[in-house]
Structure formats: structure tokens, C-alpha cells
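See below for the structure under consideration.
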């Protein structure tokens, strides 16, 4: 599939981003002080750094999605028993799903915003268990670069039937076995998108961490 046939990169990165330094200028905020509070409650995460080369078209689309300096996201690996609750957006091809993600509204606590985002995308109530991983990724195109940060959490399902509440953004919610993830990854990588390749890579890293814990 050619990049021109894919949706705007703002869809890859979600329509919901987190602004770190200028919370008064945007509707979503995850400040450095909140990061420290979250670490105190849910643990200090493993940290990774990545650098990924993008096409000019994709790099331009990422840059255009960075209104008000938005360059961060929260991603949630929600366990319902032995299965993960994943989501699909409307433009995803059949069989492609990923962990839900989003951002906090300004004035929300971390727990309020995280649980609201999870409910909107999956329809379930949860308990945040652990701050697993923080990834600092640099997307490059020639001499230009964009710095991005993803905060990843392990989450426990509590109650509710998994379904899309925000049906404008989310097409489907699905329980996924860990054994299904390699096929999902193959679909992501087949689309020749750096953004989706990044999502595939972070999923691999999370599953490695979880295997080490078990």
C-alpha cells in the first residue's frame, strides 16, 4: 500500500496528545511533576531510546500533527485474564489491532484521565497496575528530527463488556491472545509506516518485559 493511500499521520499518533511544558496552551497535560507522582505510585519504568528514519511524506505529517508542541502519548496494555484488550480504528485493515492510547485533559489527575481514555476506547473499568516502559524516540528525515515520548502502563481489567464507546474514533474492541500478536505485527509492518512499525516494536518490548516478570 502506498503512503498516499494511508490516512493522515495524526491518525497513527491518535487525535489525543499530551503536552508537557505548556499546559496552559492546550487541552491535555502530563507535567514533569505528574510524571514523578506516577513513578512514586506505579514504579519507575524501564527506559528505552530509539531512532527511526521516516519518509519525507510521513515526517511532514508527523510535524503537522504537532500543534502546540504535542509530542507524547500514554499507551495501555489491559489484561482481561490471559488476554489483552486491543482496539482497531476505522481505517485499519482486517486483523490489525493495537493497545489503546491517548492523553489527559488539562486539570485531570493521571488516574482520572487514564481511566476516562480507556473507557472511551474500550468500554471497560480498570485498575492501573504498573508503569512499565518509557520510550524516547527520535523520528528523522535527512537532517531534521522530531523527538517523541511514549509512557506505557500495565492495566488490570475490572468490569464491563469490552466495546467501543467513542465510535467516531474506534471501530472495534477485541480480546487478543498473546499468541495472536505476531500476526498482528506482520500486518502492521506490511503497511510500510514508520509509525505502525514503532507500535509493533513497543508491543514487542512490553511483551518481553512481561515475560521477564512471569
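The values are calculated or read from the model by the stated rules, or taken from the named source; none is laboratory data. This one's a predicted model, so the numbers in the text were calculated from it and none came from an experiment. Neighbour counts are summed over all protein chains in view; Cβ atoms, including those assigned to glycine, are modelled from backbone coordinates with ideal geometry.
Things to note:
- Members of segment 115-134 found to be in contact with a helix residue (DSSP H, G or I) (Cβ under 8 Å, 6 or more places away or on another chain) and buried (at least 20 other Cβ atoms within 10 Å of the Cβ), listed by number: 124, 126, 131, 132, 133
- Here residue 139 fulfils each of the conditions (1) out of contact with any strand residue (DSSP E or B) (no Cβ under 8 Å at 6 or more places or on another chain); (2) closer than 25 Å to residue 53 by Cα; (3) touching a residue at least 12 places away in the same chain (Cβ under 8 Å) apart from (1).
- Residue check for residue 167: at pLDDT 95 or above and in a loop (DSSP other than H, G, I, E, B): yes
- Test: residue in segment 126-135 that is free of Cβ contacts under 8 Å to residues at least 60 places away in the same chain and either assigned to a helix (DSSP H, G or I) or under 20 Å from residue 39 (Cβ atoms) (or both): yes
- Residue check for residue 166: in contact with a strand residue (DSSP E or B) (Cβ under 7 Å, 6 or more places away or on another chain) and either surrounded by 14 or more Cβ atoms within 10 Å (Cβ to Cβ) or within 21 Å of residue 31 (Cα to Cα) (or both): no
- Cβ pairs under 8 Å, 6+ apart, first in segment 146-169 and on the phi > 0 side of the Ramachandran plot, second surrounded by fewer than 17 Cβ atoms within 10 Å (Cβ to Cβ) and not in a loop (DSSP other than H, G, I, E, B): 160/119; 160/125
- In the set (1) closer than 19 Å to residue 168 by Cα; (2) in contact (Cβ under 8 Å) with a residue 12 or more places away in the chain, residue 116 fails one condition alone, (2).
- The listed residues are 180, 204, and the only one of them that is without any contact (Cβ under 8 Å) to a residue 40 or more places away in the chain, assigned to a helix (DSSP H, G or I) and under 21 Å from residue 46 (Cβ atoms) turns out to be 204.
- Check on residue 203, crowded, with 20+ Cβ neighbours inside 10 Å and at pLDDT 95 or above: yes
- Residue in segment 67-90 that is closer than 26 Å to residue 31 by Cβ and assigned to a loop (DSSP other than H, G, I, E, B) present: yes
- One residue from 83, 112 being within 21 Å of residue 161 (Cα to Cα), over 15 Å from the mean Cα position of the chain (by Cα) and surrounded by fewer than 16 Cβ atoms within 10 Å (Cβ to Cβ): 112
- Candidate set: segment 96-125, residues that are at pLDDT 95 or above and not in a helix (DSSP H, G or I); chosen: the one farthest from residue 155 (Cα to Cα): 96
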